[in-house]
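Participant: Quick one: structure below, then a few questions.
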Amino acid sequence: MTETSGRGDRGAEGVNAAPAQRVAARDPADVARAVEDHLACPRCHASVVVRDSRIRCSKSGCGFEGSITGGVPIMRTQLDRSFFDDKHAVMEHGSSEPGVRRCCYAEQAEVIEALIPGKAVVVDVGCGPALPYRRPGSSFLIGVDMSYDSLRANAEVDLPVYASAGDLPLADGLVDAIVSLYAIHHFGGADRRENEARVARGFAEFRRVLKPGASLLVFELSPWWPVWQLQRTTWNLVRKLIPTMDIFFWREGALLELASRSLGSRATVRRMRSHVPA
Ligand SMILES: C[S@@+](CC[C@H](N)C(=O)[O-])C[C@H]1O[C@@H](n2cnc3c(N)ncnc32)[C@H](O)[C@@H]1O
Ligand SMILES: [Zn+2]
């Protein structure tokens with residue numbers, strides 16, 4: 001397994017525009033088939049069965065039930081509103097805006113485009129409403145996100161899935177590659193300890209679902225040290241004051257250490273620094 005972490009050193013973009021109305025059209029029968037073929041119970045990882053838009057775990061006693069709503073499999077017990085639901089219009093266009101593209105996506109897309117062709121099953125964790133890279137036609141691309149509206153808008157993934165990185169609705173050892181662009185800094189919980197636990201759990205899930213020898217490409221933003229220190233010391237208080245706040249940026253060393261620990265000794269973790277143009 002090769003784990004590669006690339007990072008820029010800029011802050012996150014602003015997200016304030018009106019929601020987009022675009023909704024990807026999907027045939028319900030195709031979605032149901034794709035769910036049974038590619039997804040698994042997020043609790044016990046057994047196969048799932050779809051009947052009349054209801055998704056059920058096949059293992060007796062598990063009891064997980066999801067649904068297919070608006071063409072999106074809901075692989076959690078409930079559909080929660082996400083911070084990104086009314087921001088996805090900006091996410092959609094933001095990644096192609098020239099400055100943002102140059103800083104956060106151009107080089108990263110080249111890396112992804114060079115590494116995912118030939119991979120049969122690819123998962124984009126935190127896929128958002130649009131892909132900032134060209135997907136190979138030969139892969140089956142599953143987009144996982146916690147923003148239902150973003151998933152509804154995303155016409156580029158083969159299967160948009162409402163689920164969390166910490167409870168992937170995928171069987172063990174099924175996936176050939178995972179890509180995740182700028183999602184990990186949104187795994188924030190109630191306090192810094194929970195932030196760390198959620199990121200560790202995400203990496204442990206990546207480890208569980210990846211095949212031996214598979215690739216994991218994580219792209220994140222690493223803040224300048226004084227900014228990170230300020231964030232670290234004030235985060236728990238800020239979160240108490242703003243309970244919807246989910247953004248916690250990781251310094252590259254700390255994230256690499258956490259990734260290595262959670263991915264286990266068989267993983268090779270490599271750092272790749274992107275060069276932010278002046
Ligand atoms: C900054 S956006 C990046 C979107 C896209 N990858 C891009 O770069 O344009 C972060 C995305 O991660 C998603 N996200 C946040 N927490 C998540 C979680 N626990 N599991 C999966 N996705 C999550 C958000 O809903 C959002 O769509
Ligand atoms: Zn189950």
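Each value in this text was obtained by applying a stated rule to the coordinates, not by laboratory testing. As the structure is a computational prediction, the values presented were derived from the model and not from experiment. For neighbour counting, all protein chains shown are included, and Cβ atoms are generated from backbone atoms with ideal geometry for every residue, glycine included.
Participant: May I ask you to list pairs of residues, at least six apart or on different chains, whose Cβ atoms are under 9 Å apart, with the first in region 109-126 being within 13 Å of ligand 1 (Cβ to nearest atom) and the second being assigned to a loop (DSSP other than H, G, I, E, B) and of a type in the set (Val, Ile, Thr)?
Facilitator: Asp124/Val157
Participant: Same structure, new question: Which residue out of Asp80, Asp85 is of a type outside the set (A, V, I, L, M), exposed (fewer than 14 other Cβ atoms within 10 Å of the Cβ), more than 14 Å from ligand 2 (Cβ to nearest atom) and in contact (Cβ under 8 Å) with a residue 24 or more places away in the chain?
Facilitator: Asp80
Participant: Here's a follow-up. Give Ile112, Ile142 a once-over and let me know the one that is out of contact with any Cys (no Cβ under 6 Å at 6 or more places or on another chain), over 22 Å from Ala32 (Cβ atoms) and surrounded by 18 or more Cβ atoms within 10 Å (Cβ to Cβ).
Facilitator: It is Ile112.
Participant: If you check Ser82, Ser58, Ser47, Ser95, which single one turns out to be within 16 Å of ligand 1 (Cβ to nearest atom) and touching a Cys at 6+ places or on another chain (Cβ under 9 Å)?
Facilitator: Ser95
Participant: Can you tell me which residue among Asp37, Asp52 is over 17 Å from Pro160 (Cα atoms) and more than 11 Å from ligand 2 (Cβ to nearest atom)?
Facilitator: Asp52
Participant: Also, I was wondering about something else. Enumerate the pairs (first residue in region 144-158 and more than 22 Å from Ala40 (Cβ to Cβ); second residue anywhere and among the polar types (S, T, N, Q) and surrounded by fewer than 22 Cβ atoms within 10 Å (Cβ to Cβ)) with beta-carbon separation below 9 Å, excluding pairs fewer than 6 apart on the same chain, so at least 6 apart or on different chains.
Facilitator: Asp149/Ser82; Ser150/Ser82; Ala153/Gln21
Participant: Now for a separate question. Select, from Ala163, Ala190, the only residue that is on the phi < 0 side of the Ramachandran plot and crowded, with 22+ Cβ neighbours inside 10 Å.
Facilitator: Ala163
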